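The values are calculated or read from the model by the stated rules, or taken from the named source; none is laboratory data. All values reported here derive from a predicted model rather than from experimental measurement. Every residue, glycine as well, gets a Cβ built from its backbone with ideal geometry; the counts of neighbours run over all protein chains shown. For the accessible areas, the whole protein counts, side chains as well, though only heavy atoms, and no ligand, DNA or RNA atoms are used. Shrake-Rupley method; radii C 1.70, N 1.55, O 1.52, S 1.80 Å.
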Amino acid sequence: MKKICLLIVIFTSLQLKAQSFDEYFTDNTLRIDYIFSGDVNHQQIALDKLNCSPHWYGKHKRLSELPVEGNGQITVRDHKSKAVIYRNSFSTLFQEWLSYDEAKKTSRSFENVFLVPMPKDTVDITIELKNNRRETQVSFTHQVTPGDILIRKIGYNYRTPFVQMLTPKDSTNCIHIAYIAEGYQTSEMPTFINDVKNTMEALFAHEPFKSMKDRFSIVAVEAPSKDSGTSEPSKGIWKNTALSSHFDTFYSDRYLTTLNLKDLHDWLAGIPYEHIIVLVNTNHYGGGGILNMDIGGNVGEFQLDNIKGSGTLTEAHEFGHSFAGLADEYAYEAEQIPMYPHDIEPWEENITTLVDFKSKWNDLIKKNTPIPTPTTPANKNKVGVYEGAGYSVKGVYRPMMDCRMRTNENPEFCDVCRRALTKIIDFYTK
């Protein structure tokens, strides 16, 4: 039986002076729930709820540094000194939705959840959303006092049952991932655990994950659903599941997501996680990946790839999005999306508009390689600058003719994507 894997993950100022994690934070997680709303002309950020859960499973070093730029950033400042004491980057479904025609004629709201270490003293937290020109579109700052009696305590007295699937070499300095069941009934949990094993096997068959496997901690979270499967609105099918996931996000039949991020994090309260992979129990292909927010892929396909002989290894592609902010390297004439202005260099490391190519993979290109690089058989395994990427057949370029971030048929990440993934893993663990 094929399954779908969807990961939701989580999770300009004064410079932070050199300091230890313990100087500003306790070993707890502050979870902040927001509502992002608006349309293409006006956006708004509102604070929804503050939550606290035991232990902090994110980075303990390089606290004021961003792993990648992202389409948005969260910044925590010490209220007294104004020093930046924590930052992280993200992208959101709300920002993606703003690129669709619906956003020109209606206003919508989206749940968003962010995790930061619990501060010892009062802090000012700023959320910034950027447009596709890398300009701040909307910014919102609010104050958090750790002694606030209305901060909800979760995950202290009860945790959803989970199984430790992969133990890292150093549990204090690793990347914490939680697989969570979606659309699995209680009686189907043995199937869920087996699916997690298969998806892990597929993901860690890829470099650089294969050689850096001992830096990851993985748990499987047994969140039960009343119904088996997931909703398919285009077919009139609606299921009662733990996370209310569904296909047809933004009316795209293969786009499988959940918009119920607060429910997701409630299930995970008290569990060791920062990044999340939601395994959706369905036969149909689909998913989606957004930096530190969503990942999707077809488990039934990718568990069979090089390991068992066939399939698409979709999870690896989507994890490239959500974990390292890698861009899609494909483009189709019939489905072009103007996501990347051709006069602005994208922040994603695996695509370029040639506006600032020196900041990308110029150092990996052999001397005398033409730019742009023709797609000829002689260049099949050669790093170059190939036109057609980021949903644009013209004006946006990719590093190689094919890559895991371009097609499901390609079994590996290209040299540029592998370097970007390695960089992220090192960022969190070195």
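Quick one: ranking Tyr285, Tyr24, Tyr184 by accessible area, 1.4 Å probe, largest first, what do you get?
From most accessible down to least: Tyr285, Tyr24, Tyr184.
Taking H placed 1.01 Å from N in the peptide plane, check which residues at least 5 places from Met165 or on another chain put their amide H under 5 Å from its amide H.
Residues meeting the amide H criterion: Ile218, Val219, Ala220.
Put +1 on the Cβ of every Lys and Arg and -1 on every Asp and Glu Cβ in the chain; which of Leu47, Tyr340, Phe90 then has its Cα farthest towards the positive end of the dipole?
After comparing all options, I get Phe90.
For the range 175-269, what is the Kirkwood estimate of the hydrodynamic radius, computed as the reciprocal of the mean inverse distance between distinct Cα atoms, to one decimal in Å? Before the final figure, lay out the partial values.
Working: mean 1/r = 0.0683 Å⁻¹.
Computed over Cα pairs of the range 175-269, the Kirkwood hydrodynamic radius comes out at 14.6 Å.
Here are a few candidate values for Rg and Dmax of the Cα atoms in Å: (1) 20.9, 66; (2) 24.6, 93; (3) 21.5, 60. Which one was actually calculated from the structure I just gave you?
(1)
Assuming R0 = 25 Å, what is the FRET efficiency of Lys430 and Asp27, from their Cβ-Cβ distance, to the nearest 0.05?
0.75
Please work out the FRET efficiency for the pair Ser109 and Asn368, using the Cβ-Cβ distance as r and a Förster radius of 45 Å; give the result to the nearest 0.05.
So the FRET efficiency works out to roughly 0.25.
Would you work out if the range 311-394 is rounded, prolate or oblate? Take a ≥ b ≥ c from the square roots of the eigenvalues of the alpha-carbon gyration tensor; rounded if a/c is under 1.5, else prolate when a/b is larger than b/c, oblate otherwise.
Values: a/c = 1.38, a/b = 1.23, b/c = 1.12.
Taking the square roots of the gyration eigenvalues as a ≥ b ≥ c, the range 311-394 is rounded.
In whole percent, how big is the carbon plus sulfur part of the accessible area of the range 352-401, probe 1.4 Å, protein atoms only?
With neighbouring chains kept in place, the figure for the range 352-401 is 51 percent.
Only four residue types carry charge here, +1 at the Cβ of Lys and Arg and -1 at the Cβ of Asp and Glu. Report the dipole size of the range 136-231 about the Cα centre in Debye, rounded to the nearest 20.
260 debye
What net charge do the residues around Lys49 carry, taking every other residue with its C-beta under 15 Å from that of Lys49, with Lys and Arg at +1 and Asp and Glu at -1?
-2
For every other residue with a beta carbon closer than 14 angstrom to the beta carbon of Cys414, add +1 if it is Lys or Arg and -1 if Asp or Glu, then tell me the sum.
-1
Would you work out if the range 16-76 is rounded, prolate or oblate? Take a ≥ b ≥ c from the square roots of the eigenvalues of the alpha-carbon gyration tensor; rounded if a/c is under 1.5, else prolate when a/b is larger than b/c, oblate otherwise.
The shape class here is oblate.
Could you give the semi-axes, largest first, of the ellipsoid that matches the range 103-188, computed as the square roots of 5 times the alpha carbon gyration tensor eigenvalues and rounded to whole Å?
Numbers: eigenvalues 192, 106, 61 Å².
Each semi-axis is √(5λ); the values are 31, 23, 17 Å.
Per DSSP H run of n ≥ 4, the term is -39500 (n - 2.57); total these for the chain, divide by its residue number, and report the mean residue ellipticity at 222 nm rounded to 500 deg cm²/dmol.
On the way: 8 runs with 66 residues, N = 430.
It comes out at -4000 deg cm²/dmol, rounded to the nearest 500.
List the residues, sorted by chain then number, that are 5 or more residues from Cys414 or on another chain and whose placed amide H is less than 5 Å from its amide H.
Arg404, Met405
Could you state how much accessible area Asp426 has, in square angstrom rounded to the nearest 10, with a 1.4 Å probe and all protein chains kept in place?
Result for Asp426: roughly 30 Å² accessible.
Pop out the ³J(HN,Hα) list for the range 79-85 in order, Karplus 6.51 cos²θ - 1.76 cosθ + 1.60 with θ = phi - 60°, rounded to Hz; leave Gly and Pro as x.
Along the range 79-85, the couplings run 5, 6, 8, 6, 6, 6, 10 Hz.
Once you put a point 7 Å from the Cα of Glu201 and another 7 Å from the Cα of Val393, both along the Cβ direction, what distance in nm separates them?
According to this spin-label approximation, the distance is 4.0 nm.
Roll a 1.4 Å probe over the protein chains and send me the accessible area per residue for the chain in Å².
41 Å²
What does the net charge come to around Gly155 if you take all other residues with beta carbon closer than 11 Å to its beta carbon, with K and R at +1 and D and E at -1?
So the surrounding residues net to +3.
What figure in square angstrom, to the nearest 10, would you give for the accessible area of Ser139 with a 1.4 Å probe?
Near enough 70 Å² of accessible area.
Using only Cα atoms, what is the ratio of the radius of gyration of the range 69-214 to 2.2 N^0.38 Å?
So the Cα radius of gyration is 1.35 times the expected 2.2 N^0.38 Å.
Among the trypsin sites (Lys or Arg not before Pro) in the range 338-410, which ones are in a DSSP loop with at most 13 other Cβ atoms within 10 Å of the Cβ? Mind listing them?
Sites meeting the loop and neighbour criteria: Lys366, Lys367, Lys380.
When every alpha-carbon pair in the range 360-408 is counted, what percent end up more than 12 Å apart?
That fraction is 61 percent.
Please turn the phi angles of the range 50-59 into ³J(HN,Hα) values with the Karplus equation 6.51 cos²θ - 1.76 cosθ + 1.60 (θ = phi - 60°), one per residue in order, whole Hz, x for glycine and proline.
With coefficients 6.51, -1.76 and 1.60, one gets 10, 9, 10, 10, x, 6, 10, 10, x, 5 Hz.
Just to verify a number: FRET efficiency for Thr172 and Met212, C-beta to C-beta distance, R0 = 22 Å, to 0.05?
Taking R0 as 22 Å, the efficiency between Thr172 and Met212 is 0.85.
Treating the beta-carbon of each Lys and Arg as +1 and of each Asp and Glu as -1, no other charges, what is the dipole magnitude of the range 16-135 about its Cα centre, to the nearest 20 debye?
Dipole about the Cα centre, nearest 20: 280 debye.
Compute the label zone of Arg134 within the range 51-73: residues whose backbone N is under 15 Å from the point 7 Å along Cα-to-Cβ.
Within reach of a label on Arg134: 66-73.
Just how large is the dipole of the chain about the Cα centre, in debye to the nearest 20, putting +1 at every Lys and Arg Cβ and -1 at every Asp and Glu Cβ?
For the chain, the charge dipole is close to 840 debye.
As a test of reading the structure, rank Thr167, Thr373 by solvent-accessible area (1.4 Å probe, protein chains only), most first.
In descending accessible area the options line up as Thr167, Thr373.
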